[in-house]
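I have placed the structure first, in the form of C-alpha cells, so that the comments after it can refer back to it.
Derivation of every value follows stated rules applied to the coordinates shown; laboratory data play no part. Just so you know, these numbers come straight off a predicted model, no measurement behind them. Glycine gets a Cβ as well: all are built from the backbone with ideal geometry, and neighbour counts include every protein chain shown.
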Amino acid sequence: MSTKPKVAFFDFASCEGCQLQIANLEEEIIGLVELVDVVEFREVMTEKAPSYDIAFIEGSITRAKDEGRLRDIRKRSGVLVALGACAATGGLNKLKNLRGNLEQVRRDVYGSDWDRPHLETYATRAVGEIVSVDFQIHGCPINREEFLHMVEAFALGTNPEIPDYPVCAECKTAENVCLFHMGQICLGPIVRAGCGAICPGNGVGCEGCRGIIPHANHNAMKDVLAEHNLTVEQITEKFNLFPLYPEVTP
Amino acid sequence: MEYKTIGKGAFRDFVSSLIAGDREINGVVRKGKAFVYDTLADASDLCLDYDETLLPPKKYFLPVKETLLTFKTGDPSSYHESVEAKPRIIIGIHPWDLAAIALLDKAFSTGQSDVNYLSRRNQSLLIGIYPTRPFKHRFSESMITDEHYQAADLMLVDMEDDTYAIEVISDKGRALIQKSAAVTADEHAIQSLKRQKQRVQDEAHLSMPRKDLPEFLQKQQQSKVIDRRAERCFSCGSCVLVCPTCYCFHVEEEVDLSLRAGRRTRTWDGCMMEGFASAAGGHNFRETPANRLRHRVLRKGKYLPDHFHLPGCVGCGRCAKACVAGIASPLEILNEMNRSIYLPEVGTLQKFENMTDKDRFFEFTLEGRDLDHQPGQFVELSIPGIGEAPFSISSSPTKQGSFEMLIRNVGKVTEAVHRLEPGDQVGIRGPFGSHFAVERYQGKDLLFIAGGLGLAPLRSAINYVMDKREDYGRVTILSGARDRSQRLFPEEVKRWSRAPHTLVLETLDQGDEAWSGQTGVITTLIPMVADRITPSDTKAFVVGPPVMYRFVIRELEALGFDDKDILVSLERRMECGVGKCGHCQIDDIYVCQEGPVFTYDSIRESMEAL
C-alpha cells in the first residue's frame with residue numbers, strides 16, 4: 001500500500017474547526033484512510049514524516065516566525081492545499097488588519113500581558129500570500145463532502161471541480177425561501193456556492209465564508225443592499241467580515 | 001368535456017385513500033410563508049389555495065440531480081444505464097405549470113427520446129387546479145391558452161362553496177376520479193365553474209400578441225434593454241433554476257471513495273450562470289451577463305416556440321420573484337423592448353448655471369441608468385403641456401451618472417426649460433443620431449472649430465479627448481463668439497489650453513477694451529494655426545451657425561483637407577428623433593438617423609445640406 005499518497009495536516013492561526021470536520025467524517029474516514037496514507041495529523045495522531053504528497057494547511061499566518069515553518073512545509077510537499085477560510089483568504093483573522101494599529105489590538109486582547117514575546121503578531125496573511133498554493137478548500141468551516149471530493153480528485157489525478165456560481169443557485173434547488181423576501185439580507189448573490197446554502201437554509205444570511213465568485217457583480221450587490229436600507233458603513237462591514245475584497249496589507 | 005363536483009371533505013378523504021395506495025402522492029404544502037411541492041404524508045397537509053410554489057412540479061420528472069449511468073472505474077464496458085421511476089400522482093398544478101410540462105414532454109420526446117424523463121412522466125397522473133390567488137409577477141394569460149395545458153388528467157375549480165368542480169380531461173383522470181365520491185355536475189354547476197375558473201386575473205399583460213414574439217425578438221437582438229438590465233445581473237442562475245420550462249443540465253462523473261466504482265449524473269444547470277457555455281482552453285462562448293440574458297430571452301420567446309410550437313415562457317412569474325436584482329421578468333423585458341418609440345423616460349434636473357443672458361447650462365440624471373450617449377448625439381426633451389424639442393448633449397460620455405446640455409432660451413420649450421428648478425422632472429428620449437467618432441481617431445491630430453453655440457455639442461467630444469489626452473496627437477480648438485458676453489464655458493476653455501500639445505484660440509466678432517484676444521470672424525483664426533496642422537493626419541470637427549460652414553470648409557480644403565476628414569453637425573427640425581416624421585429631411589437623408597454628424601464628403605453633393 002506504499003503507492004497511496006502521503007497526506008499531512010498542519011495548523012496555523014485557526015480554531016482547528018476544519019480539521020475537526022475531517023476528524024468527524026466517521027463512516028467515510030475509513031474509506032479515506034484506504035485512499036491515502038495520513039502521515040501527520042496533530043488532531044488525531046502524534047507521528048511525523050519527512051515529506052508529503054499532499055499537505056493540507058489550516059489557518060492563516062499571523063506572525064513572522066510562522067512564515068519559516070510554512071515555507072519548510074511547502075518545500076517538503078508535492079501538492080499544497082489551503083484548508084478552510086483562514087488559510088484560503090485569511091478569514092476572520094484578517095479583521096484585525098482593518099484596525100491598523102496592531103499594538104492596540106494586542107492590548108485590547110491580552111490586557112496587561114500584551115507585550116509578552118509569544119503574543120507577537122503582524123497583519124494576517126492567507127497561506128497563498130506567503131507560499132504558492134495549488135488548491136483551496138473554501139468555507140468556515142469546510143464542507144466535508146467537498147473535502148472528500150477534493151481528496152478523490154487528487155487520488156485520481158484530476159483537477160477537482162468546485163462551484164464558480166453563487167450561493168443563490170443552491171438556495172433555489174434546495175427550495176429555501178429567499179431571505180430578501182423575509183426582510184433579511186444575504187451576500188448569497190456574490191459568494192461562492194458549495195456549502196449547500198446551509199446558512200440561508202437555516203434562516204441566516206450568507207456572510208461570505210467561501211469568498212466571492214469570479215466576476216462577482218459587487219456594484220449590483222452594493223445597490224441591492226442599499227435598496228434594503230443598509231448604509232455604506234454597514235455594507236462595508238458586511239463585505240469585511242470575511243475578506244471578500246483584497247485589502248492593502250501593511 | 002365531462003364535469004364532476006365533489007365536497008372538499010370528500011376530496012380530502014379521496015386524497016387520503018390515494019396516500020394509502022401504492023403510488024407516491026405529491027402536492028402543494030406550506031413551507032413557512034411559501035409553498036412547495038412535497039410528498040404528502042397526510043391529506044390535510046395539502047394546500048390548494050396558494051399563490052405560487054418556489055419550484056415547479058418539473059422536479060418530479062427532471063430531478064435536481066439524477067444518475068444516468070453507473071460504472072466501474074477504468075472499465076468502459078461497465079457503463080450501465082440507470083433509470084429511477086415510480087408511479088405518482090401530483091395534485092394542485094396550476095395551468096401554466098401544466099403548459100410547461102407539455103413543453104418538456106415535447107422537448108424530451110422530440111428526436112431521440114429521453115427515457116429517464118419519459119418513464120417518470122408516463123407513470124404520472126396530474127391533477128391541476130385553476131388559480132385561487134393572485135401573484136403579482138404572473139402574466140400567464142398573455143402566454144398560454146386552454147389548449148396548452150391539456151397535459152392535465154383532471155382540473156379542479158375551487159367553487160368557494162366548500163366544493164371543487166372537476167374537469168375530466170383524460171381517460172386516466174376519469175378512471176381515477178370514479179373511485180372518489182365525485183358526482184356528475186349539473187348545468188348550473190357547469191355554468192358557475194366557467195365563471196369561477198376565470199376568477200383570478202393577471203395584473204400585468206404582454207403589450208403584444210404572443211404569436212408575434214419570435215419575429216419581434218429577431219429584430220431586438222441588439223436591444224439596449226438587455227444591456228441595461230444585465231448590468232445588475234449576478235449570474236446567479238436563480239431565474240433559470242426556478243423556471244418551469246428550463247430543462248438544461250450538466251453531466252459529470254462521480255466516483256466512490258473506494259475509487260472502484262461511480263456514476264454519471266445530471267444536475268440542473270442554466271444558461272444564466274457564467275460557466276454554462278465555457279469550454280476547455282478557457283473559452284467562454286457567452287462571456288458577459290448581457291450575452292447570457294439575451295440568450296435566455298430569445299430562447300424563451302423565440303427558439304423554443306420556433307422548435308416546438310408551444311410557448312417557451314408560460315408566464316408563471318417565478319423568475320421575476322426569484323431575481324434579487326429585479327431584472328429577470330420576461331414580461332418587463334419584452335414590454336420595455338416594445339415600448340412606444342415616442343414614450344419618454346423621466347429625467348431630473350440636478351442643477352443649472354447661467355452661461356450668458358440667454359444660455360443656461362443644465363445637468364440632468366435619468367432614473368437607474370446612465371444616458372450612455374456618444375459625443376455629438378442628441379436627446380428629445382419633453383415638458384408635459386408644452387411639448388418636446390431636440391437638444392445636443394454637451395457632456396462627455398466619460399462623465400458618468402449625469403449628462404449636461406446648454407440650452408438657449410429661444411422658443412416655447414426652451415422657455416419652459418429655463419423655468420425649471422433643481423429637482424424638477426422632464427421627459428427624455430434618446431440618445432439619438434450619429435456621433436463624432438473620436439474613439440476611432442486615436443493617434444490622430446484633431447481640429448475643433450466652433451462658432452457660437454456650436455461649442456455645445458463639440459464640448460462633448462473635446463472633453464472626451466481631454467479625458468483620454470494621451471491617446472491623441474496635437475489638439476487645436478478654435479472658438480468664435482459674437483462678443484465677450486457670449487463666450488461659452490470660459491473656465492473650461494482655459495483648462496483645455498493648459499493641456500499638453502493643445503492650442504486654443506478664441507475670437508470675438510466685436511472685441512472691446514477688456515478683450516486682448518483676436519477679433520474677427522472664425523475663419524481668420526485658421527491661417528494662424530496652419531503651421532501646426534498636417535491635413536493628411538488631422539480630423540476636423542466643425543459646428544456653428546449655418547452661414548459658417550461654407551467659409552470654414554473652403555479654408556480647410558485650401559489647407560489640403562480631404563472632405564472625408566471634415567466632420568460637420570447639421571441642425572434641423574428633429575421632431576420625432578426616430579426617422580419617421582420627416583421634418584429633418586435633407587434630400588433623402590433623415591438627419592436624426594444618419595446625422596446630425598456627417599463627413600462633409602457624404603453631403604457635399606446634397607442640394608439642401610449647406
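Some observations on this one:
- For the stretch B:40-95, the list of trypsin sites (Lys or Arg not before Pro) that fall in a loop by DSSP and count at most 16 other C-beta atoms within 10 angstrom is empty.
- Comparing Cα centroids, the stretch B:449-517 and the stretch B:63-132 end up 70 angstrom apart.
- Angle of helix B:546-559 to the longest C-alpha principal axis of chain B, folded into 0 to 90 degrees and rounded to 10: 70°.
- Mean sequence separation of contacting Cα pairs (under 8 Å, at least six apart), scaled by the length of the stretch B:440-569, corresponds to a relative contact order of 30 percent.
- Counting, for every residue in A:160-172, the Cβ atoms of other protein chains within 10 Å of its Cβ and taking the mean gives 6.
- At R0 = 56 Å, FRET efficiency that the Cβ-Cβ distance of residue B:75 and residue B:215 yields, to 0.05: 0.60
- For the residue pairs B:351/B:494; B:8/B:172; B:65/B:300; B:179/B:211; B:65/B:172, alpha carbon separations beyond 31 Å are given by B:179/B:211.
- Figure legend: label point modelled 7 angstrom from the Cα of residue B:39 along Cα→Cβ; residues of the stretch B:82-99 with amide N under 19 Å from it are B:83-92.
- Relative to the longest principal axis of the Cα atoms of chain B, helix B:95-109 runs at roughly 90 degrees.
- Shape category assigned to the protein assembly as shown from the gyration tensor of Cα positions, a/c cut at 1.5: oblate
- Taking the stretch A:175-205 and a reference point 7 angstrom along Cα→Cβ of residue B:47, the backbone N atoms nearer than 13 Å belong to A:177.
- Classification of the stretch B:57-202 by its C-alpha gyration tensor yields a prolate form. The axis ratio a/c (a ≥ b ≥ c) is 1.5 or more, and a/b outweighs b/c.
- Each of A:206, B:236 was scored by other Cβ atoms within 10 Å of its Cβ. Arranged with the fewest first, they read A:206, B:236.
- In this label model, residue B:578 and residue B:425 are separated by 2.0 nm, measuring between points 7 Å along each Cα→Cβ vector.
- Förster radius 60 Å - calculated FRET efficiency between residue A:67 and residue B:160 (Cβ-Cβ, nearest 0.05): 0.25
- Report note on the peptides B:417-424, A:50-57: ranked by the mean count of other C-beta atoms within 10 Å, highest first, their order is A:50-57, B:417-424.
- The stretch B:1-103: GluC sites (Glu not before Pro) falling in loop per DSSP and having at most 14 other Cβ within 10 Å: B:84
- Mean sequence separation of contacting Cα pairs (under 8 Å, at least six apart), scaled by the length of chain B, corresponds to a relative contact order of 10 percent.
- Relative protection proxy for A:101-112, B:254-265, B:456-467, from highest mean packing down: B:456-467, B:254-265, A:101-112 (other beta-carbon atoms within 10 angstrom).
- Rounded Å value of the spacing that divides the Cα centres of the stretch B:288-320 and the stretch A:124-178: 32 Å
- Peptide B:228-236 has a mean shielding of 6, counted as Cβ atoms of other protein chains within 10 Å of each residue's Cβ.
- Test item: A:83-90 mean partner chain Cβ contacts at 10 Å: 0
- Amide H within-cut-off set for residue B:504, under 5 Å, with H built and near neighbours excluded: B:477
- Cα-based helix-to-principal-axis angle, B:289-298 vs chain B, degrees rounded to 10: 60 degrees
- Pairwise FRET efficiency - residue B:587 versus residue B:341, Cβ, R0 = 30 Å, nearest 0.05: 0.80
- Highest average packing first - B:313-325, B:481-493, A:63-75, B:369-381, Cβ atoms within 10 Å: B:313-325, B:369-381, B:481-493, A:63-75
- Straight-distance crosslink candidates among lysines, where the alpha carbon sits under 26 Å from residue A:238 and sequence neighbours closer than 8 are dropped: A:94, A:96, A:172, A:222, B:321
- Whether chain B is rounded, prolate or oblate, judged on the alpha carbon gyration tensor where a/c under 1.5 counts as rounded: prolate
- Relative contact order for the stretch A:1-146: 28 percent, from Cα pairs under 8 Å spaced at least 6 residues apart, divided by residue count.
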